[in-house]
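S.K.: Right, I'll just put the structure down here and ask away after.
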There are 2 protein chains.
Amino acid sequence: MAMKENGHKNGYRVIGTRPIRPDGVDKVTGRAVFGADLHLPGLLYGKVLRSPHAHARILSIDTSAAEALPGVKAVITAADLPQVADKVKSLGESVGNLRYMSENTLAREKALYHGHPIAAVAAENIHVAEEAVNLIEVEYEPLPVVLDGREAMQPGAPILIQGLRTDELGKLGSEPTNVAAHIQHKRGDVEAGFAEADVIIEREFRTETVHQGYIEPQNGVALWNDDGHIHIWCSTQGAFAVRSQISDLLRAPISQVTVTPLEIGGAFGGKINVYLEPLAALLSRKAGHRPVKMTMTRAEVLKASGPTSGSWIRVRMGAKKDGRITAAQAELVYEAGGFPGSPVGAGAGVILAPYRLDNLQIDGYDVLVNRPKASAYRAPGGTNAAYAAEAVADELAEALGMDPIDFRLINAVKEGDRRADGPMLPRIGYIETLQAIKNHPHYRQPLEGPHRGRGVAVGFWFNWGGKSSVSASVNEDGTVNLVEGSTDIGGSRASIAMQLAETLGIAAEDVHPQVVGTDLVGYNDVTGGSRTTYGTGYAVHALGVKLNEIMRELAADLWDVDVEEVRVEGGVFSAGDRSITFKELVAQGSDTPITASAATHPKDAGPAFAVHCVDVEVDPETGKVTILRYTAAQDVGTAIHPSYVEGQIQGAVAQGVGWGLNEEYIYDEEGHLLNASLLDYRMPTAPDLPMIDAVLVEEAPTPGHPFGVRGVGEVSIIPPPAALANAIHRATGVRMTALPMSPSRVMKAMIEH
Amino acid sequence: MAMKENGHKNGYRVIGTRPIRPDGVDKVTGRAVFGADLHLPGLLYGKVLRSPHAHARILSIDTSAAEALPGVKAVITAADLPQVADKVKSLGESVGNLRYMSENTLAREKALYHGHPIAAVAAENIHVAEEAVNLIEVEYEPLPVVLDGREAMQPGAPILIQGLRTDELGKLGSEPTNVAAHIQHKRGDVEAGFAEADVIIEREFRTETVHQGYIEPQNGVALWNDDGHIHIWCSTQGAFAVRSQISDLLRAPISQVTVTPLEIGGAFGGKINVYLEPLAALLSRKAGHRPVKMTMTRAEVLKASGPTSGSWIRVRMGAKKDGRITAAQAELVYEAGGFPGSPVGAGAGVILAPYRLDNLQIDGYDVLVNRPKASAYRAPGGTNAAYAAEAVADELAEALGMDPIDFRLINAVKEGDRRADGPMLPRIGYIETLQAIKNHPHYRQPLEGPHRGRGVAVGFWFNWGGKSSVSASVNEDGTVNLVEGSTDIGGSRASIAMQLAETLGIAAEDVHPQVVGTDLVGYNDVTGGSRTTYGTGYAVHALGVKLNEIMRELAADLWDVDVEEVRVEGGVFSAGDRSITFKELVAQGSDTPITASAATHPKDAGPAFAVHCVDVEVDPETGKVTILRYTAAQDVGTAIHPSYVEGQIQGAVAQGVGWGLNEEYIYDEEGHLLNASLLDYRMPTAPDLPMIDAVLVEEAPTPGHPFGVRGVGEVSIIPPPAALANAIHRATGVRMTALPMSPSRVMKAMIEH
């Protein structure tokens, strides 16, 4: 890290410091308004009736008894949803076919998973709504269930969507299938490459469906007003994405939909698609334009929001004795759930991305099964993929007698290389991140003791730029009010405000950010893809430049000089021997209010790399894996607010650890989810985790971004399961080829070993 | 009115039409959120203890019993208000000395009027708060009371503010005085002018204190948050004015104050100054940062908000036989209430403004009396002034045997003339407005029948431009979201949105305006001075021009031509033989969100003139005046939304009629307000008024404004009392020289006549 004048790295005054987050006090005191806190006059409460079957034809729905219950104001079924065409929409990270989105909102002809919404009720209170839901009579014809992706690909497997026709390579086929997509990346001659190899390792892996596990369940309040305008208040990663979905699903003009994002208690990709919002809106209209609030229980969240795919992955890698990989091949089968849209595309992009390869083939399959429709989860599809590839890479290094970091250094991609999925890499800090672990005291200190092992693994993530709009106005006291549309999940109010403060040369505390809804700011893409600090930071820099231009004109007027003579640097305006700070200049007064807006769409967000090292101890009596030490190095470009970057890395590791060691959806043979509670769906708690040491590698600021920001929110969820598997191997001699590596499974593997 | 293509006047497509107001449905259905509708978690209720004396020294305040009452959370007195310096602040229309503003908020050493706030309480509910207020023990030393402005100017009168020192011409004097200011306008040689005159009329007039009479009482909710940030929600004409006052009164940085304006149920100038908001904030902080709601009762509104001044006015005018005025002189004594700040300055500017004068002298006095501190009321100070001058002008015309409209036409100011108070007049439509009445069927049809009379009078008002900031973003469907900071009292959401729609060439309904608070938009001056449709309209035009520039670039990209080749007119972009509408161009998609902001400060709002004609019948048995017909012509520049312009004129006339015929503050000798209810303070109701015919004179669009807008909200309150007095004279032979011209007073005058 280059240190310049005034003690701040790279000469920054604000970037790299750790101010208090603007929303901190309200979050700590409980003042912050989340969806469940919202109360409107005349509020009704909604409840969803969900399918008890994982796969069933809906023969009839009788809502009469529910409608007759006193206190019930409206009952809806799919018949209340407009019929929509097969319009494919891109919603930031998530791509959805509109008809599928509609049918996932309310099942029309078939229930495709346990918990699939069938009908919904609005009533004077939640108790009446719950009672009414039980009075709806649905006649089902249960159908055979398929839960496993590879089984669903077999001829004769139960078909979920009869209309789905896809051939081997994702084109329109002639027969019904559960394979919604097949993507492929090929380069060079794989078999020739393997022929050159001195060592070849091939393994198959299985991972289970896992959930994001955000604290705050899905919720939404809707008012379909008398004037036809639909108002939505909800917990979302993107108010504009909700607006677009509501507009499409309910066939309402964009201009007749207003979405106001409330505070958000975690999301991790799971709060991009709508679930309750369209139901609440329909209920509101049917209930005489009264507002309707809906909130999921935890069981509903687990059963019927969007977890990420379980998967089956085969990886084959070959290398020469010098460590150079000669060929690599991967096959990924991702379970999409009841409707198309697993993150297999991203998985296929991630799986071999850290390696410089002349010969490769990657095949990915998006396969329907009777599970909830997958949605995004932090670096969607990346963790399963890397789990497979990094275990094989580890085994390969071991077979070659090489240090696993050195093995990755030999094969590491760098600027100018082509990624496995095609694009050319810009300046990245992957090699520096590998070296950060190699030189870290953790890695340099040998691990001693029985049943202990150290594992390393690496991860790659694409990152994203996206569209952002912002506006700002300067107060008379020289502070700045900033209006942004990026919902703040992980501290982005601070990280965006800091970039504006840096651009203007004022203190972080002098920028007051406000996150607003769709009526009050220009279009913003979702907070996702690690884009917000990067992309909305890009926008506030443009905004700051505009404000500085206005300020230069003020200075020129003040000094009666030509505006071209006025220079600005670090918040100081100068011309000749005169100079004045931003705040002093504001204090001089402006005849016209100082305000500006900016909208940007940077295309080339720098991709991110992470290198993790973990020490574990495996209890030989129980198979329980205890994490002794965890160090996560990440290529972060420039850390705007280092505490939040560290927090992102620590949070991602915690989720990766849960995915690796304990979390899984458990179904019975009929497709009933058996562990739909946080007692049975076992996420890591504080005692399960050591302090996670986050190493911020800032050697490679992202080219093209004014401050070199690189998205940091996702990549560190990718290495943990692989790093843990590799550590468990060192500790026990066992290679775990399925997640989660829970005590019973580890015990079983040790016994079988 | 010039008619151009497509049938709209001046070629406008949107301007001049009458679309439904955007807030209409919510106002009609009760969905709109006013201050009294606001509920926050943990809300406390505040109540004010008010002085029972009109003038008294406060010897001691004992709050212990109130504090001990269960449910009471905080009690405050002036000791809780920061001591503030004598900083003079300009708040749009209203100018206030900060120390006086503080002492009007909570009396420090003396109570200066009946109802002056002494202390305030916050409690769990309003009943406990009311009970607690009664438990506060205040020891007063009653002082002699002065209620009349001219009496207060006499030597030996009770002095309200010992520190006030002003000499004859408003400079610092040596002796305590109640005369806070003396302003003077002089031109030519008045005595020489009168010497030339063939006829001279001199009369004295008295007008009483009157109130704006808005439906919605003052209210405010405040939260002084744990992080030091003060949030205010209130009914106000200007969120930024509230922010500034809160910042000054409570010594909080501007950046630590957020003001959110709620819907506003009338204001007319009375909702610029704060009353409850600072008390609620102080109570919130003292009560452990819980939000506090305060609402005035109607009695509190009448006793202790800001009515407009009672006054004494002497006018002397002389004219030649040909009708030409040779000299005019006016003396105005305005009652400021307990603190300086009557609208005498404006009254002095208005009183002779319609007349071209070579010789004039105007003297205005701002005088303290034991009444509530005056604040702005629709064309503040203008109505009293015109009442006096227009009655004298009428008498002069009568004495000369001239038609009163012809008399005004002979003496009318026009473009290039200097106003009585100095400034040069730009293009105005005064003569056209006089002619509109002269040629109107109402004026051309003789009035017949006993006890009937017709009166005319004219009025002038300054109008104002002011600062406005706006921002907007274009939705994917080609509609536009507009963010503005001008609170909408009389339909300005519509009139501003229409100007943006006109600029962009889209439909009025395609612009969706939102009024927001101080954090979400740049600085905006208050909605007052008839400035909003003019000034914020000016800003949205600038905004539309910016958006059109972005759209031109999009069109240039689309057609691969240079941006200079793209022209735009009426929402159609063209280059060569290609053309595309705004909406079509948006539908082509934009890589970057389309958003812009603008801030403007137009200086020369065109002044407004009104000419009114009224027919009355006076009941010889009771003195009751019945209005038979009322026609109000007004110089409106360009009527953006004619229905709202007509509504402004009709509302102004209604208020002027109330002022003229019935409204007055009635005090006993000790300064107790005797009629603090709407039963006893007699405002006109529907049966008191005929349909008021509003004639929109659009011959003189305001120069410098892109659409020629002229402020329309105020001037028509000025002529009614004079027009009525002149009509009563024709009906009865009596010249009424005091307002209100209530039945008992008219009866008394008829008997004495």
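No value in this document is a laboratory result; all are computed from the given coordinates. The shown structure was predicted, so the numbers you read here are calculated from the model rather than taken from an experiment. Note that we place each Cβ from the backbone using ideal geometry, even for glycine, and neighbour counts take in every protein chain shown.
S.K.: Is there a quick way to get the dipole size of chain B? I mean about its Cα centre, with the Cβ of Lys and Arg at +1 and of Asp and Glu at -1; what is the value in debye to the nearest 20?
M.R.: Dipole magnitude for chain B comes out near 600 debye.
S.K.: May I ask which residue of A:Pro423, A:Ala222, A:Gln245 lies farthest towards the positive end of the charge dipole of the range A:144-425, with charges of +1 (Lys, Arg) and -1 (Asp, Glu) on Cβ and the Cα centre as origin?
M.R.: The residue sitting farthest along the positive end of the dipole is A:Ala222.
S.K.: Between the label point of B:Asp619 and that of the same position in each other copy, find the distances and list them shortest first in nm, with every label point placed 7 Å from Cα along the Cα-to-C-beta direction.
M.R.: 9.7
S.K.: Sort A:Leu112, B:Leu409, B:Leu81 so the one with the fewest other Cβ atoms within 10 Å of its own Cβ comes first.
M.R.: B:Leu409, B:Leu81, A:Leu112
S.K.: Can you check what the net charge comes to around A:Ile627, using other residues whose Cβ is under 13 Å from the Cβ of A:Ile627 (Lys, Arg +1; Asp, Glu -1)?
M.R.: The answer is -1.
S.K.: Quick one: in chain B, whose Cβ comes closest to the B/A rotation axis, and how close in angstrom?
M.R.: In chain B, the Cβ lying nearest the symmetry axis toward A is B:Ser597, 2.
S.K.: Relative contact order (percent) for the range B:144-425, with alpha-carbon contacts under 8 angstrom and 6 or more residues of separation?
M.R.: 24 percent
S.K.: Mean residue ellipticity at 222 nm from the helices of chain B, using -39,500 (n - 2.57) per DSSP H segment of n ≥ 4 over the full residue count, to the nearest 500 deg cm²/dmol?
M.R.: -8000 deg cm²/dmol
S.K.: Follow-up question, since we're still on this one. If you count the DSSP beta bridges with both ends in the range A:465-600, what percent of them are antiparallel, to the nearest 5?
M.R.: 80 percent
S.K.: So for chain A, averaging the separation of alpha carbon pairs under 8 Å that are six or more residues apart and normalising by length, what relative contact order in percent results?
M.R.: 15 percent
S.K.: Moving on to the next point. What fraction of the DSSP beta bridges in the protein assembly as shown is antiparallel, stated in percent and rounded to the nearest 5?
M.R.: In the protein assembly as shown, DSSP labels about 75 percent of beta bridges as antiparallel.
S.K.: Place a +1 charge on the Cβ of each Lys and Arg in the range B:613-663 and a -1 charge on the Cβ of each Asp and Glu, then give the dipole magnitude about the Cα centre in debye, rounded to the nearest 20.
M.R.: The dipole magnitude comes to about 120 debye.
S.K.: How high is the relative contact order of the range A:175-235, in percent, counting Cα pairs under 8 Å that sit 6 or more residues apart?
M.R.: 18 percent
S.K.: Suppose R0 equals 41 Å; then what is the FRET efficiency for B:Glu549 and A:Asp322 from their Cβ-Cβ distance, rounded to the nearest 0.05?
M.R.: Efficiency, from the Cβ-Cβ distance: 0.10.
S.K.: Neighbour counts of other C-beta atoms within 10 Å: give me B:Glu103, A:Glu646, A:Glu196 arranged from fewest to most.
M.R.: A:Glu196, A:Glu646, B:Glu103
S.K.: While we're on this one: Between copies, how far apart are the A:Ala32 label points? List them in nm, one decimal, shortest first, with each point 7 Å from Cα toward Cβ, please?
M.R.: 3.4
S.K.: Calculate the dipole size of the range A:144-425 relative to its Cα centre from +1 charges on Lys and Arg beta carbons and -1 charges on Asp and Glu beta carbons; express the result in debye to the nearest 20.
M.R.: In debye, rounded to 20, the range A:144-425 gives about 1060.
S.K.: Here's another thing I want to ask about it. Other chains near B:587-600: what is the mean number of their Cβ atoms within 10 Å of each residue's Cβ?
M.R.: Other-chain Cβ atoms within 10 Å of each residue's Cβ, averaged: 6.
S.K.: Any idea how far the Cα center of the range A:432-482 sits from the one of the range A:263-299, in Å?
M.R.: The two parts, judged by their Cα centres, are 33 Å apart.
S.K.: So who's got an amide H within less than 5 Å of the one on A:Ile666, skipping anything under 5 residues away but keeping other chains? H placed 1.01 Å off N, in plane.
M.R.: The answer is A:Leu674, A:Asn675.
S.K.: Charges on Cβ only, +1 for Lys and Arg, -1 for Asp and Glu, centred on the Cα centroid of the protein assembly as shown; of B:Met691, A:Met294, B:Val138, which one is farthest towards the dipole's positive end?
M.R.: B:Val138
S.K.: Using the alpha carbons of the range B:353-475, what is the convex hull volume per residue in cubic angstrom, as a whole number?
M.R.: Measuring per residue, one finds 256 Å³ for the Cα hull of the range B:353-475.
S.K.: Okay, next question. Could you state, as a whole-number percent, how many of the C-alpha pairs of the range B:553-674 are farther apart than 16 Å?
M.R.: 79 percent
S.K.: In 10 Å bins starting at 0, how do the alpha-carbon pair distances of the range B:144-425 split up by percent?
M.R.: Histogram of Cα-Cα distances, whole percents per bin: 7, 24, 26, 23, 13, 6, 2, 0.
S.K.: On a 19 Å Cα-Cα criterion, which of the cross-link pairs B:Lys321/B:Lys414; A:Lys47/A:Lys303; A:Lys414/A:Lys467 come out too long?
M.R.: Correct reply: B:Lys321/B:Lys414; A:Lys414/A:Lys467.
S.K.: Once the dipole of the range B:144-425 is set up with Lys and Arg at +1 and Asp and Glu at -1 on Cβ about the Cα centre, which of B:Ile161, B:Val369, B:Ile325 lies farthest towards its positive end?
M.R.: B:Ile161
S.K.: How compact is the range B:465-600 by the rule of thumb for globular proteins, expressed as Cα Rg over 2.2 N^0.38 Å?
M.R.: After normalising by residue count via 2.2 N^0.38 Å, the value is 1.06.
S.K.: While we're looking at this one, here's another question. Are there any GluC sites (Glu not before Pro) in the range A:428-511 that are in a DSSP loop and have at most 11 other Cβ atoms within 10 Å? List them by number.
M.R.: The qualifying sites are A:Glu448.
S.K.: Follow-up question, since we're still on this one. Count the net charge of all other residues whose Cβ sits under 12 Å from the Cβ of B:Asp198, scoring Lys and Arg as +1 and Asp and Glu as -1.
M.R.: Net charge in that neighbourhood comes out at +1.
S.K.: While we're looking at this one, here's another question. What is the order of B:Leu482, B:Leu276, fewest Cβ neighbours within 10 Å to most?
M.R.: Going from sparsest to densest Cβ surroundings: B:Leu482, B:Leu276.
S.K.: In addition: Could you state the orientation-averaged shadow area of the convex hull built on the Cα atoms of chain A, in nm² to one decimal?
M.R.: Its average projected convex-hull area is 34.1 nm².
S.K.: Same structure again: Shortest first and in nm with one decimal, please list how far the A:Lys603 label point sits from its counterparts in the other copies (point 7 Å along Cα→Cβ).
M.R.: 4.7
S.K.: How much net charge surrounds B:Arg578 when only other residues with a Cβ under 12 Å from its Cβ are counted (Lys, Arg +1; Asp, Glu -1)?
M.R.: -3
S.K.: Once you treat every alpha carbon in the range B:465-528 as an equal point and sum by Debye, what is log10 I(q)/I(0) at q = 0.13 Å⁻¹?
M.R.: Summing over Cα pairs of the range B:465-528 leads to -0.33.
S.K.: When we measure straight from the Cα of B:Lys293, which aspartates and glutamates land under 14 angstrom away, once same-chain ones fewer than 8 places off are left out?
M.R.: The qualifying aspartates and glutamates are B:Asp37, B:Glu124, B:Glu130, B:Glu277.
S.K.: Quick check on chain B: of the DSSP beta bridges with both residues there, what percent are antiparallel, nearest 5%?
M.R.: That works out to approximately 75 percent antiparallel.
S.K.: Binning every alpha carbon pair distance of the protein assembly as shown at 10 Å from zero, what are the percents per bin?
M.R.: In order of increasing distance, the bins hold 1, 8, 14, 17, 17, 15, 11, 7, 5, 3, 1, 0, 0 percent.
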